[in-house]
Amino acid sequence: MTANTCVRCGAVTPPHDVISVASADGAFRVLCSRCFNIEMAHLADVRAFEHPEFTPVRLPDGDGVVHEFHFRSLLFGDQLSLEAFELASGDEDCAGFHFQLLGDRPSEPFELLGDLVQKMKRALAVTHLVERAGRLEIAETTVRGRIEWDDNENGRLPCVVVDGRRVDWADFGAILMAFEGWRFRLELVDPGDET
Ligand SMILES: [Zn+2]
């Protein structure tokens, strides 16, 4: 049994499609999203819920580079969360784009998928970091990204993911030095909201 084996159905599942669930006794169980949703639909008494499976989609970013996204749908009571992951490999496993949208109609997952893809297209169209003379710079004056765990810092400092690209905290500081003396406004945004 691997770390990604669903304890309920025994399916070996890609890491982006498993969820670790706390049981009443405090122990954690690894479930695939399908089994998680079956249990959640039962617990929350959501009828006529069918676990949606979406095939990966490929979308271009603002520079024409194509990114492949895999989906995970999780039922949270009467809401359906749909996430799109760009899978990265090796020690870059926190990198890649990641999008999420919450929908109030779990029985209409294709509607939610359509909205999520629109959100992804809007986000992918904007490039925040550009490479000039071999160095990363902020393209304009706004940076949108994601705060991620950095194994090298053991959680003491984050790394950030901007344009799907992992940037160490120290390197992000170096990028900001182009704006020495400027002021900034930092706003934290829930993953399901528009940034
Ligand atoms: Zn399962």
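What follows is calculated from the coordinates using simple rules that are stated; it is not laboratory data. Since the structure is predicted, the reported quantities are computational estimates derived from the model, not experimental observations. Every residue, glycine as well, gets a Cβ built from its backbone with ideal geometry; the counts of neighbours run over all protein chains shown.
Here are the numbers:
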| item | result |
| --- | --- |
| Whole-Hz couplings from phi, Karplus 6.51/-1.76/1.60, listed for segment 127-136; x for Gly and Pro | 9, 9, 10, 10, 9, 10, 6, x, 10, 7 |
| Theoretical gain in end-to-end length, Val12 to Asp115 [0.36 nm per residue, Cα-Cα removed] | 34.1 nm |
| FRET efficiency, 1/(1 + (r/R0)^6) with R0 22 Å, evaluated for Trp149 and Met177 via beta carbons | 0.35 |
| Stretchable slack from Ala44 to Thr141, in nm (0.36 nm times residue separation minus alpha-carbon distance) | 30.5 nm |
| Karplus-derived HN-Hα couplings along segment 62-74 (A = 6.51, B = -1.76, C = 1.60, θ = phi - 60°), whole Hz, x at Gly and Pro | x, 9, x, 6, 8, 10, 9, 10, 10, 10, 9, 10, 10 |
| Near-label residues of segment 30-52 by backbone N, under 14 Å of a point 7 Å along Cα→Cβ of Ile19 | 30-46, 50-52 |
| Interatomic Cα distance distribution for segment 53-111, bins of 5 angstrom, percent | 4, 17, 23, 21, 16, 11, 6, 1 |
| Relative contact order computed over the chain (Cα-Cα under 8 Å; 6+ residues apart), in percent | 13 |
| Rounded to whole Å, sorted largest first: equivalent-ellipsoid semi-axes of segment 129-179, Cα gyration tensor | 20, 11, 10 |
| Shape call, segment 15-124: gyration tensor on alpha carbons, a/c limit 1.5 | oblate |
| The chain - Debye-derived log10 I(q)/I(0), Cα point model, q = 0.16, 0.18, 0.19, 0.20 Å⁻¹ | -1.14, -1.33, -1.42, -1.50 |
